[in-house]
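The values are calculated or read from the model by the stated rules, or taken from the named source; none is laboratory data. Only a predicted model underlies this, so the values are computations on that prediction, with no experimental measurement involved. Backbone-built Cβ (ideal geometry, glycine too); neighbour counts: all protein chains shown. The accessibility values were calculated without ligands, DNA or RNA, using every heavy atom of the protein model including side chains. Shrake-Rupley method; radii C 1.70, N 1.55, O 1.52, S 1.80 Å.
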Amino acid sequence: MKKVFTSLPFKLLVGVVLGIIAGQLAGMESMKAAGDALMNVVVTVRFILSELINFCVPLIVIGFIAPSITRLGKSASRMLGVALFCAYMSSILAALLSMAAGYGIIPHLSIVSEVEGLKELPEVVFQLEIPQIMSVMSALVLSVLLGLACTWTNAVTMTNLLEEFQKIVLEVVTRVVIPVLPVFIGFTFCGLSYEGTITKQLPVFIQVVLIVMAGHFIWMAVLYIAAGIYSGSNPLKVIRNYGPAYITAVGTMSSAATLAVALRCAKKSEPVLRDDMVDFGIPLFANIHLCGSVLTEVFFVMTVSQILYGKIPDAGTMILFCVLLGVFAIGAPGVPGGTVMASLGLITGVLGFDETGTALMLTIFALQDSFGTACNITGDGALTMILSGYARRHNIEEQNLSVKL
């Protein structure tokens with residue numbers, strides 16, 4: 001029983017519940033003075049914790065991907081190609097599924113897209129900015145190039161240095177990132193509850209978000225079934241460990257910020273997920289596999305087009321949009337709203353959205369971003385199953401690791 005109350009899922013759930021309750025109390029008119037003081041603390045601490053977590057993300061990416069590539073040796077280039085292919089196919093097929101659903105469902109919906117009366121959060125009192133040593137995408141590219149170059153040149157010293165760096169990053173994740181996540185998520189939900197996003201925007205959530213959430217679960221089921229068939233393993237042995245990662249993604253709205261928890265969940269899925277494939281695949285997919293966000297964006301652009309312009313784009317235009325969106329998703333940052341921000345050029349260029357359409361798209365997308373992120377993170381486990389199955393089928397030797405997360 002003690003283990004349950006000290007587990008990460010329990011701490012995350014407690015953070016969510018306490019955050020919502022605190023936000024509701026702070027928003028009461030009878031407690032305005034105390035509520036304002038509380039929210040000043042909440043937004044400030046949340047800002048600092050967000051800066052700390054985001055600072056660690058590039059370190060995690062480098063610390064896991066680069067050493068994993070060196071361990072793969074001559075198979076590194078091939079495994080990287082397989083990972084990119086899997087991520088792109090997952091995103092584009094999810095987009096096409098969403099497009100088909102949009103043509104069948106959206107004409108029969110009546111969606112209220114704007115809700116008034118939300119409170120504004122106070123400004124951050126003390127902005128302790130902690131800039132990342134580099135952007136997440138820069139860290140990703142550096143990790144890939146560094147890992148590949150080490151295998152090409154047989155750089156023993158650099159390979160050993162990367163191994164040591166991974167152990168250091170593991171300690172940072174275990175002792176710093178994971179302990180502060182429940183607090184960060186609790187304060188995030190406190191802010192949402194205070195603003196009224198959870199209560200006053202509930203009609204929007206019911207009509208739109210539930211539809212895309214159903215799509216998320218359908219697509220996750222497809223991914224895990226396909227991964228189970230290909231790898232010859234039971235996907236339930238992976239899914240059952242992904243609860244903490246799903247909850248964390250809902251709270252952080254960021255694949256990158258959820259990376260530490262996702263790694264811990266995936267490492268509990270041995271032997272279905274090979275340990276070396278986890279270290280290689282999970283950090284990589286957190287940045288290039290955004291199937292949930294892509295599925296959501298496709299459905300929402302069709303919805304916004306119906307609301308503002310009276311019609312859904314034709315099938316040819318939507319297929320082109322889906323194909324290009326899959327490419328943009330690979331390069332989108334794993335941060336809140338990263339997919340839609342990276343693809344604004346497609347929304348305006350291919351679909352012809354004006355400023356009003358773009359603003360409405362950003363607003364509606366933000367309402368469900370947390371659930372799309374949770375789908376992304378959970379789907380990464382399925383793609384890692386495929387990588388593990390591919391490695392076994394092609395007799396790629398497993399590298400036994402002594403470090404655990």
Original post:
Would you pick out the residues in region 255-308 that are of a type in the set (S, T, Y) and in contact with a Gly (Cβ under 6 Å, 6 or more places away or on another chain)?
Top reply: S255, S293, T296
**OP:** For I130, work out the one condition from (1) at pLDDT 85 or above; (2) assigned to a helix (DSSP H, G or I); (3) open to solvent by 40 Å² or more (accessible area, probe 1.4 Å) it doesn't fulfil.
**Re:** (2)
**OP:** Please identify the pairs in which a residue from region 12-36 that is of a type in the set (S, T, N, Q) has its Cβ atom under 7 Å from the Cβ atom of a residue that is in a helix (DSSP H, G or I) and open to solvent by less than 30 Å² (accessible area, probe 1.4 Å), counting only partners at least 6 apart or on another chain.
**Re:** Q24/S193
**OP:** Enumerate the helices (runs of 4 or more DSSP H) found wholly within region 181-287, keeping only those where 2 or more residues are of a type in the set (A, V, I, L, M) and either touching a Ser or Thr at 6+ places or on another chain (Cβ under 6 Å) or touching a residue at least 40 places away in the same chain (Cβ under 8 Å) (or both).
**Re:** 210-231, 236-239, 243-252, 259-267
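Conditions (1) of a type outside the set (S, T, Y); (2) surrounded by fewer than 22 Cβ atoms within 10 Å (Cβ to Cβ); (3) closer than 17 Å to L387 by Cα, marked per residue:
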{"site": "P271", "(1), (2), (3)": "yes, yes, yes"}
{"site": "D279", "(1), (2), (3)": "yes, no, yes"}
{"site": "H289", "(1), (2), (3)": "yes, no, yes"}
{"site": "I312", "(1), (2), (3)": "yes, yes, no"}
Original post:
Does G102 satisfy the criteria of being at pLDDT 85 or above, out of contact with any Asp or Glu (no Cβ under 8 Å at 6 or more places or on another chain), in a helix (DSSP H, G or I) and open to solvent by less than 40 Å² (accessible area, probe 1.4 Å)?
Top reply: yes
Original post:
What are the residues in region 288-310 that are at pLDDT 85 or above and assigned to a loop (DSSP other than H, G, I, E, B), if any?
Top reply: H289, L290
